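The values are calculated or read from the model by the stated rules, or taken from the named source; none is laboratory data. Predicted model only: the values in this text are computed from it and were never measured. All Cβ positions, even for glycine, are placed from backbone atoms using ideal geometry, and neighbour counts span all protein chains on display. These area figures cover heavy atoms from the full protein model, side chains too; ligands, DNA and RNA do not enter into them. Shrake-Rupley method; radii C 1.70, N 1.55, O 1.52, S 1.80 Å.
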Amino acid sequence: LKDFNKAIYFLNKAFPLFDKNLLRKAQLANNLGNAYSRLNQETKALLYYKIALETRKHIQNITNNELGEIHTNISSSYLKLYELEKASFHFEQAKIYYLSNNPVNQLALSNIEEIIGQYHLLRFDIESAIKSYEQSQFLHDSILNTPSIESGNRYLTLANLYMQPPFRDTLKGLFYLKKVNKVESELLKLEALILSTSILINNKKYSEAKISIKEIL
């Protein structure tokens, strides 16, 4: 229902009731972190993510997925706070845990690669960002039933990245924009049309650009 304030209220009611059930306590702390993160309160989110991490460290037979999940969440919050070194430490930890699984959790690994791509973007390292986003999409392509809108967002990001220096690779940009147009999302298609129109303008194809602008309007 996306009513995160009410979710936080009830999670806080439940949290102290599970001091003897560490597995449940860790999950509640993680859920509290997620709720605060959705409200863009990353400092509070980190507080609970760290409680979840410390609690999980004391649980016997805790899985690599569970430890990887919490390191992923911590790294995501640090990225939003622009604390890049701390974000880097935690997504590398998450990657180690996910790669320790047999079989490897490809969906989780894909999400980490996307976070690493965001990290490189904040460092203005476009080449490394492209590699991470393409690796993320490669992993997603090997997973059945991946929501198409997730792929569409990555395709749009890749199209934008290829149009930036040092690449300015129009062909690659258009290649990913065509993939966006196959996604069942009118908003993504509109954003793709805006980007393709800017490509036409940059290439001085003004007649085609005018047609696209009318379609955008």
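Between beta-carbons, use under 15 Å as the cut-off and find the net charge around A159, counting Lys and Arg +1, Asp and Glu -1.
Numbers: positive: R154, R168, K172, K178, K179, K182, K189; negative: E134, D169, E191.
Summing Lys/Arg as +1 and Asp/Glu as -1 gives +4.
Within the shell of other residues whose beta carbon sits under 15 angstrom from the beta carbon of V183, the net charge comes to 0, with Lys and Arg scored +1 and Asp and Glu -1.
For region 1-88, applying the loop criterion from DSSP together with a ceiling of 16 other beta carbons within 10 Å to the trypsin sites (Lys or Arg not before Pro) yields K2, K20. Modelled label positions at T170 and I149, each set 7 Å beyond Cα in the direction of Cβ, lie 3.3 nm from each other. For the residue pairs K6/K57; K189/K214; K179/K210, alpha carbon separations beyond 18 Å are given by K6/K57; K179/K210. In the chain, the DSSP-assigned H stretches of four residues or longer account for a calculated mean residue ellipticity at 222 nm of -24500 deg cm²/dmol, using -39500 (n - 2.57) per stretch and the full residue count as denominator.
Ratio of Rg to Rh for region 1-140, alpha carbon only, Kirkwood?
Details: Rg = 15.5 Å, Rh = 15.6 Å.
A ratio of 0.99.
Summing Lys and Arg as +1 and Asp and Glu as -1 over all other residues whose Cβ lies under 11 Å from the Cβ of I112 gives a net charge of -3.
For K131 and I62, compute 0.36 nm times the residue count separating them, minus their Cα-Cα distance, and round to one decimal in nm. Write down the numbers at each step before the final one.
Working: separation 69, 0.36 × 69 = 24.84 nm, distance 3.16 nm.
Taking K131 through I62 to full extension adds about 21.7 nm, to one decimal.
Identify which of D125, D169, D19 has the largest mean-square fluctuation in a Gaussian network model of the chain, with springs joining Cα atoms closer than 10 Å. For the chain, modelled as a Gaussian network with Cα springs under 10 Å, the answer is D19.
Most mobile of S132, S110, S198 per a Gaussian network model of the chain (Cα springs, under 10 Å)? Highest fluctuation of the listed residues: S198.
Could you check how much of the accessible area of region 89-217 is carbon and sulfur, as a whole percent, using a 1.4 Å probe? Reported share for carbon and sulfur atoms: 56 percent.
When the surface is traced with a 1.4 Å probe over the full set of protein chains, T43 keeps roughly 100 Å² accessible. Take the Cα of L17, step 7 Å toward its Cβ, do the same at I201, and the gap between the two points is 5.6 nm.
Among the trypsin sites (Lys or Arg not before Pro) within region 118-217, those in coil by DSSP and having at most 16 neighbouring Cβ atoms inside 10 Å are R123, R168, K182, K204, K205. Each label was represented as a point 7 Å from its Cα along the Cα-to-Cβ direction; for N5 and K214 these points are 4.7 nm apart.
For region 144-217, the relative contact order is 26 percent, taking Cα pairs closer than 8 Å that sit 6 or more residues apart in sequence and dividing their mean separation by the residue count. Of the chymotrypsin sites (Phe, Trp or Tyr not before Pro) in region 61-112, the ones in a loop by DSSP (not H, G, I, E or B) with at most 16 other beta carbons within 10 Å are Y82. Using a cutoff of 8 angstrom between alpha carbon atoms and counting only pairs six or more residues apart, the relative contact order for the chain works out to 10 percent.
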